[in-house]
Amino acid sequence: MGKMQEKIYNSLPYPFKFVLLNIKAFQNSKQRYTKEFDAFLKEYVDLWNADNASIKAYQKSRLILLLSEAFQYSDWYSKKMKELGITRTDIEENPYAVLQKMPILTKAERKTNPDILVNKSRNTDGVGYTSGTSGAPTINYLDKESINRSFALWRRFHKSIGLDTKRVKQVRFSGRLIVKPDSKKPPFWVYNYFENQLLMSTYHLTDDNLGHYVKKLNRFKPILLDGYPSAIYIISRFINKNNLTLNFTPKAIAVTAETLYDYQRLEIEKAFNCQVYNQYASSEGSPFITECTQGNLHLNTDSGVFEFINNKGEKAKSGEVAQLVVTSFTNLKTPLIRYNIEDTVLLSEEGKICNCGCKMPMIEKLTGREDDILWTKEKGYVGRMDTAYKGLEGIVKSQIIQENPNEVIVNLIADEKFNDVMKQQLVDNMKDRLGENINYQIHIVHDIPLGANGKFDAVKRNFTINI
């Protein structure tokens, strides 16, 4: 929805919300699911189980196309390439060498130059915005092929984990304002008929409301739950704590947009008795990373080229936390070539092989945004802070905020099981991971506000480090 449409939507009574949302859903379905979409989906499904040579040949052909169109039709990239002495012949003969010559595109450059980055040979068939975690969303121009390819890759992911490729009965938790923020009673959801999708609000997940969510889930009986892991975790913890019974079992739960922590995965899988699958993409058009049935995260190298840079600015090695630099094939209207998307991953050991049948390479973990990486003089760069909670009881929800290299604040929503022993154990765990010479403050709070677009920031660093 555009900003004006969203403002109108939020002011309407509930029945009109349903009508307006489904009008938009119908328009989206007509745009997304076309004959071209079907062709792209078949192409991607075939590539999922293809041999390495076929995948590499496909990636090379797509890279040549991306670089060639950027060279010809993007004012930004054309200028950069000509300054570097790059020619069309160079692109066709060795696109990977050309790629390495290109400068890294920063978030600030992407945000401030969208109109000269665009590929002028392609029509603008859609305009979107990033969620704006920094407070300022970025405009994103799309053409039909980019829209169709992105949704074909998403459906390929569904198929790879055993789901149908169209109209999977699903519940989605995202940051959209589905109902008024001050609503005190259900419904806290709106049904999208054209996607067979129940959109559930992430802004009303309070103890007073969670019972209503569980009852609605039992009535709706989704095959798939999809969206923010923090929201699905809150419901899962409520189900497990109150020994509630679900009268359905989903085939899969797919989470995205936030870092998935191990404790969340365990709680969710216990509540819903099915496997949780992690996935990574972005509204800017990043290439995809998806989890397979064996629990491994595959780089979808048919959707782009991935580079991994460590905190020294060098090519990262196996076992290191690395920053992602991506070149994407999913948005040809607004090209992303060597884009520093400011997300980080933990690299796998070299030579790791998956038994799922997919030959695409793997990473170990999605560790989150660059701002999720903490830093102390004693320990250096530290990611995946969820291990600090291992063995503790009574923590309902928590947030770690590092104000400076010497100060860490932990905000906790806790129940009666969280006592002084648990508090001391948490501090000891934090010291093991971040160091002894830190001022640790543990605050028991009643609420931890959501961040931008309804996302929950489990870890925040409020100062800059060079990574």
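When only the Cβ of Lys, Arg, Asp and Glu is charged (+1, +1, -1, -1), the dipole of region 234-284 relative to its Cα centre reaches about 260 debye.
Spatial offset of region 403-417 relative to region 154-185 amounts to 32 Å, using the alpha carbon center of each.
What pairs in LYS60/LYS111; LYS17/LYS185; LYS270/LYS352; LYS80/LYS120; LYS80/LYS107 have C-alpha atoms more than 20 Å from each other? From LYS60/LYS111; LYS17/LYS185; LYS270/LYS352; LYS80/LYS120; LYS80/LYS107, over 20 Å: LYS60/LYS111; LYS270/LYS352.
If you take the alpha carbon atoms of region 329-467 and fit the smallest convex hull around them, that volume is 177 Å³ per residue.
TYR280 contributes about 30 Å² of solvent-accessible surface, heavy atoms of the protein only, 1.4 Å probe. For LYS42, a cut-off of 15 angstrom between C-alpha atoms picks up these aspartates and glutamates, skipping any fewer than 8 places away in its own chain: GLU145, ASP164, ASP302. Taking Cβ atoms as reference points and 14 Å as the exclusive limit, the residues near LEU332 contribute a net charge of 0, counting Lys and Arg as +1 and Asp and Glu as -1.
The residues packed around ILE438, meaning those with a beta-carbon under 9 Å from its beta-carbon, carry a net charge of -2 if Lys and Arg are +1 and Asp and Glu are -1. In terms of its C-alpha gyration tensor, the chain has an oblate overall shape, because the principal axis ratio a/c (a ≥ b ≥ c, square roots of the eigenvalues) is not below 1.5 and a/b does not outweigh b/c. Dipole magnitude for region 147-272: about 500 debye, using +1 per Lys or Arg Cβ and -1 per Asp or Glu Cβ, origin at the Cα centre.
Here the accessible area is traced with a 1.4 Å probe on the protein chains. For the chain, carbon and sulfur cover 50 percent of it. Averaged over its residues, the chain has an accessible area of 46 Å² per residue, based on protein heavy atoms and a 1.4 Å probe. If you sort the three axes of the alpha carbon gyration tensor as a ≥ b ≥ c, you get a/c of 1.5 or more for region 23-153 and a/b no higher than b/c, which makes it oblate.
Distance between the C-alpha centres of region 76-107 and region 199-214: 49 Å, rounded to the whole angstrom. Here the peptides 257-267, 94-104 are ranked by packing, the mean other Cβ count within 10 Å, and the order with the highest first is 257-267, 94-104.
The values are calculated or read from the model by the stated rules, or taken from the named source; none is laboratory data. Just so it is clear, the model here is predicted, and its values are computed rather than measured. Neighbour counts run over all protein chains shown; Cβ positions are idealised from the backbone, glycine included. Surface accessibility is based on the protein's heavy atoms, side chains included, excluding ligands, DNA and RNA. Shrake-Rupley method; radii C 1.70, N 1.55, O 1.52, S 1.80 Å.
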